[in-house]
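K.L.:
First the structure, which I've put down as structure tokens, then a few questions once you've had a look.
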Amino acid sequence: MRAEQNQRLTQVGPGTPMGELLRRYWHPFAAVAEVDDLEIKPVRLLGENLVAFRAKDGSYGLIDRQCPHRRADMLNGIVEENGLRCSYHGWCFAGSGQCLEQPFEDVANPKARFRDKIRTKAYPVEAKAGMLWAYMGPQPAPLLPNWEPFTWENGFQQIVFADVPCNWFQCQENSCDPVHFEWMHRNWSSVLQGDGSYGPTHLELAFEEFEFGHIYKRVREDTDKDNPHWTVGATALWPNAFFLGDHIEWRVPVDDENTLSITWMFHRVPSDREPFVQKRIPWWKGPVKDAFGNWITSHVMNQDIVAWVGQGAIADRTQEHLGKSDMGIVMMRRAFEKAMKIVEEGTGDPMGLIRDPERNKCIEMPIKHRELFTSSMTLEESRRLGDTIQYRLNRPDYQHQTGQPDAVKREYQVAMGMIPEDATETI
């Protein structure tokens, strides 16, 4: 790959080919509960410094971090009924970016209505699945996808963040790389745990493009082509997510050298806990290093982060030597080049945008073992079914990423019926 191509794939700021493409999609950037608690939160997204806020009327906004009056920091703003007020001189802005009040100017020269001429940079915000999403592109905006798992009922959900100090694209390439499961998550884990045994080898791979991304299929020594690993596969969800049934992972571009990892996780509650309605979806941020500054390697997501960061802040793809196992990555890169060209030439919508409200009621996805998440069963039944497919399902601990707070762990275990509602200790 040429250096110029690598830049096109990795630079996300305004005006760059990839930046302009990514601005055609909705991106999660925070948890609803997080902004509800904080009221004002700093946000860096696609190389832009912003602030998110929840006005007292319950609406959300995402606006430029600097006030357009004298460039004061809106992170120190005052939350009002319908907007955010700069604490320096009192200019107040709606979530749309329109200036609502200029206290002195409104008194000194009310006929001029100077406030009507002032707007700050602002982006539309929507709430879905316990997350806040931003759209930073041209209007008309596409619909925020209502992915099938977002429609499931009777589930305990949680949202998990991690700050990853490298470019988003090398994180997303991991979503179309099945062989890394064999080595990083099976064999390396075995070595780290002192076992040292190696797991089944991959024998065959296939990669397909579909409307909403790319699918990889695989056959290992312990499976055949009747296995869901081949008949269904796993989904690299366009443009920057990975879907594995009970969870979706987003690799949200902060800037060229930083990524916000967001995982939305769903646990179907046992039949004796139904009906279950979750009023508030908890969130937490997991560490990537331990107290001594060493990278954490104990959990699947943490292992992925180590791999991504190990490639450098921006991977130098001019030094790669790709093989047959990398055909999915080649397919993905070509798809991004094609999509960037569509945006550059203004010839239509790039892939994966949804504009039909009827279609968006539920966007069905390729899902292995859908019954694990949609069928009513006891806790033990779900665990036994998980064991048959080598998936350690509905256990007391959060297996995907390290650092789950005790409060969230307790909430999960109560919801799953593992401990009584008045329990003070977790399992």
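The values are calculated or read from the model by the stated rules, or taken from the named source; none is laboratory data. If you're wondering where the values come from, they're calculated on a predicted model, not measured in any experiment. For neighbour counting, all protein chains shown are included, and Cβ atoms are generated from backbone atoms with ideal geometry for every residue, glycine included. The accessibility values were calculated without ligands, DNA or RNA, using every heavy atom of the protein model including side chains. Shrake-Rupley method; radii C 1.70, N 1.55, O 1.52, S 1.80 Å.
K.L.:
Mind jotting down the distance between the C-alpha centroids of the stretch 351-419 and the stretch 242-271, whole Å?
P.N.:
12 Å
K.L.:
I would also like to ask the following. First select every other residue whose beta carbon is under 12 angstrom from the beta carbon of D304; then total the charges, Lys and Arg +1, Asp and Glu -1.
P.N.:
Charge balance near D304 sits at -2.
K.L.:
Let me ask you something else. Taking the alpha-carbon distance from K361 and a cut-off under 13 Å, which aspartates and glutamates remain once sequence neighbours fewer than 8 residues away in the same chain are dropped?
P.N.:
Partners found: E148.
K.L.:
To the nearest 10 Å², what's D222's accessible area with a 1.4 Å probe?
P.N.:
Around 70 Å² of this residue is reachable by solvent.
K.L.:
Below 14 angstrom from the Cβ of A339, what's the summed charge of the other residues (Lys, Arg +1; Asp, Glu -1)?
P.N.:
With Lys, Arg at +1 and Asp, Glu at -1, the neighbours total 0.
K.L.:
Is the shape of the stretch 184-337 best called rounded, prolate or oblate, per the rule: a/c under 1.5 gives rounded, else a/b larger than b/c gives prolate, else oblate, with a ≥ b ≥ c the square roots of the Cα gyration tensor eigenvalues?
P.N.:
rounded
K.L.:
Leaving ligands, DNA and RNA out of it, report the carbon-plus-sulfur percent of the accessible area of the chain at a 1.4 Å probe.
P.N.:
The C+S portion of the solvent-accessible surface of the chain is 49 percent.
K.L.:
Moving to a separate point now. At most 13 other Cβ atoms within 10 Å and a DSSP loop assignment: could you name the GluC sites (Glu not before Pro) in the stretch 373-427 that fit?
P.N.:
Here the GluC sites (Glu not before Pro) that fit, given the DSSP loop and packing criteria, are E421, E425.
K.L.:
Averaging over all projection directions, find the projected area of the Cα convex hull of the chain and quote it in nm² with one decimal place.
P.N.:
The directionally averaged projection comes out at 24.0 nm².
K.L.:
Now for a different question. Strictly over 22 Å apart at the Cα level, which of K289/K324; K121/K279; K324/K368; K225/K324 would you flag in this model?
P.N.:
K289/K324; K121/K279; K324/K368
K.L.:
Now for a separate question. When the helices in the chain are scored as -39500 (n - 2.57) per DSSP H run of 4 or longer and the sum is shared across all residues, what 222 nm value do you end up with, to the nearest 500 deg cm²/dmol?
P.N.:
-6000 deg cm²/dmol
K.L.:
Still on this structure, please answer the following. Can you give the Kirkwood hydrodynamic radius for the stretch 27-127, in Å, rounded to one decimal and based on Cα pairs?
P.N.:
Evaluated on the stretch 27-127, it is 13.6 Å.
K.L.:
In addition: With all protein chains present and a 1.4 Å probe, how do E204, E182 order by accessible area, largest first?
P.N.:
E204, E182
K.L.:
What is the Cα radius of gyration of the stretch 318-397 over 2.2 N^0.38 Å, N being its residue count?
P.N.:
The stretch 318-397 yields a ratio of 1.74.
K.L.:
GluC sites (Glu not before Pro), restricted to the stretch 264-365: which are DSSP loop and have at most 13 other Cβ atoms within 10 Å?
P.N.:
Hits after loop and neighbour filter: E320, E358, E364.
K.L.:
May I pose another question? Can you pull out the cysteines in the chain that have no other Cys Cβ under 4.7 Å?
P.N.:
So, C92, C99, C166, C171, C176, C362.
K.L.:
On to the next question. Roughly how many Å is it from the Cα centre of the stretch 121-198 to that of the stretch 293-329, as a whole number?
P.N.:
Answer, in whole Å: 15.
K.L.:
Same structure again: Compute the Cα gyration tensor for the stretch 157-217, then decide on rounded, prolate or oblate, letting a ≥ b ≥ c be the square roots of its eigenvalues: rounded whenever a/c is under 1.5, prolate when a/b is larger than b/c in the other cases, and oblate in all that remain.
P.N.:
Oblate, since a/c reaches 1.5 and b/c is not below a/b.
K.L.:
Over 18 Å apart: what share of the alpha carbon pairs of the stretch 39-193 falls there, rounded to a whole percent?
P.N.:
69 percent
K.L.:
Counting Lys and Arg as +1 and Asp and Glu as -1, what is the net charge of the other residues whose Cβ lies under 14 Å from the Cβ of S376?
P.N.:
Net local charge, S376 excluded: -3.
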